[in-house]
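> I'd like to ask you about the structure that follows.
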Amino acid sequence: MDTTPESYLDLFPLEAIVYLTPDSENVLEDIDPDKVYVLGGLVDESIHKQLTLRRAQEQCLQTARLPIREYMVRAPNARNYHCETLAINQVFDVLCTFYETRSWPAALKAGVSSGKGYVLPDTAGQ
């Protein structure tokens with residue numbers, strides 16, 4: 001991994017950037033090695049809802065979200081809490097695991113904690 005104080009907007013063409021945000025309508029189906037994925041950051045969904053989506057739209061960037069709804073189900077819990085907003089390290093773990101395994105279920109299991117209220121369908125009753 002390389003770090004730089006420069007903005008991703010100055011380093012990469014806009015059409016190569018995909019801004020990951022839980023508020024996107026576009027589902028990330030695969031990782032394209034020719035794209036640059038920007039992790040939107042940890043945002044409190046109750047206070048700053050759609051902040052990362054608005055930022056990406058203002059910068060005219062493509063957006064995508066992890067396929068949590070497509071591969072996971074809401075687990076019953078006492079608080080009826082279900083959240084698709086993940087911390088940066090969780091998104092990073094999901095992306096790395098998917099890149100290695102090419103399996104969204106394996107990747108989501110690795111990165112989405114049960115505390116988020118989502119589980120894989122085969123573990124929903126546990």
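The values are calculated or read from the model by the stated rules, or taken from the named source; none is laboratory data. Computed from a predicted model, the values in this text were never measured in an experiment. All Cβ positions, even for glycine, are placed from backbone atoms using ideal geometry, and neighbour counts span all protein chains on display. The protein model used for the area step is the full one, side chains on, heavy atoms only, and it has no ligands, DNA or RNA in it. Shrake-Rupley method; radii C 1.70, N 1.55, O 1.52, S 1.80 Å.
> Along the charge dipole of the chain, pointing to its positive end and built from +1/-1 on Cβ of Lys, Arg, Asp and Glu, which listed residue (Ser113, Ser7, Asn77) has its Cα farthest out?
Checking the options against the dipole of the chain, the answer is Asn77.
> So what is the relative contact order of the chain, in percent, for Cα pairs below 8 Å that sit 6 or more residues apart?
Over the chain, the number comes to 25 percent.
> For the chain, what is the calculated [θ] at 222 nm in deg cm²/dmol (nearest 500), taking -39500 (n - 2.57) for each run of four or more DSSP H residues and dividing by its residue count?
-8000 deg cm²/dmol, from helical runs alone.
> I'd like to know how the range 8-118 sits against the 2.2 N^0.38 Å rule of thumb: what's its Cα Rg over that expected value?
Scaled against compact globular proteins, the figure is 1.06.
> Out of the range 51-85, which GluC sites (Glu not before Pro) are coil in DSSP terms and have no more than 13 other C-beta atoms within 10 Å?
none
> Ok, one more. Give the carbon-plus-sulfur fraction of the accessible surface of the chain in %, rounded to a whole number; probe 1.4 Å, heavy atoms of protein chains only.
51 percent
> Shifting gears a bit: Among the aspartates and glutamates, which fall within straight-line cross-link reach of Lys49, defined as a Cα-Cα distance under 16 Å, with same-chain neighbours fewer than 8 residues apart omitted?
Counting by Cα, and skipping residues close in sequence, Lys49 has these aspartates and glutamates nearby: Asp23, Glu25, Glu58, Glu84.
> Below 12 angstrom from the Cβ of Glu25, what's the summed charge of the other residues (Lys, Arg +1; Asp, Glu -1)?
Charge balance near Glu25 sits at +1.
> Just the number please: accessible area per residue for the chain, 1.4 Å probe, all protein chains included, in Å².
Using a 1.4 Å probe on heavy atoms only, each residue of the chain averages 63 Å².
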